[in-house]
Amino acid sequence: MKTKRISFLMLAILVLFTGVASAQDAILNMIAGKVVQRYQQATCEQLWQKKGQPKSPEEQEAIQKLRANPRLREEFINRIAAPIANKMFECGMIP
């Protein structure tokens, strides 16, 4: 009986953790998609103008969360790196 309770508890924790991880992935997908879309839709002139401007409070909060969570940061960068680097290359922002 005790073994069944422990097994059930472990299963419940696993399901809860998986649900939280899935929710985090969904949020990460949404944010990464918005960032990529913003770069893809912007003109080179708009990107150059925005380069030196201060970040919005929402952007600052997102950056803090990425700094605090290395796994989340790695996933985020993996999702946005290629599209953003290509746009920056097209605009002459990187060699």
List pairs: first residue in the range 27-40 and loosely packed, with under 14 Cβ neighbours inside 10 Å, second residue at pLDDT 90 or above and in a helix (DSSP H, G or I) anywhere in the structure, Cβ distance under 7 angstrom, at least six positions apart or on different chains. 40/83; 40/87
Over the range 39-61, the set of residues under 13 Å from the mean Cα position of the chain (by Cα) and under 22 Å from residue 87 (Cα atoms) is 59
Taking the range 48-81, which residues are over 15 Å from residue 38 (Cα atoms) and basic (Lys, Arg)? 65, 67, 71, 73
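Conditions (1) more than 15 Å from residue 28 (Cβ to Cβ); (2) in a helix (DSSP H, G or I), marked per residue:
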| residue | (1), (2) |
| --- | --- |
| 45 | yes, yes |
| 55 | yes, no |
| 60 | yes, yes |
| 63 | no, yes |
| 78 | no, yes |
| 81 | no, yes |
| 87 | yes, yes |
Would it be correct to say that residue 67 is at pLDDT 90 or above and not aromatic (Phe, Trp, Tyr)? yes
Restricting attention to the range 65-76, report how many residues are free of Cβ contacts under 8 Å to residues at least 12 places away in the same chain, surrounded by 11 or more Cβ atoms within 10 Å (Cβ to Cβ) and assigned to a helix (DSSP H, G or I). 4
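The values are calculated or read from the model by the stated rules, or taken from the named source; none is laboratory data. Source: prediction; values computed, not measured. Positions of Cβ are generated from backbone atoms using ideal geometry, with glycine treated the same way; all protein chains shown enter the neighbour counts.
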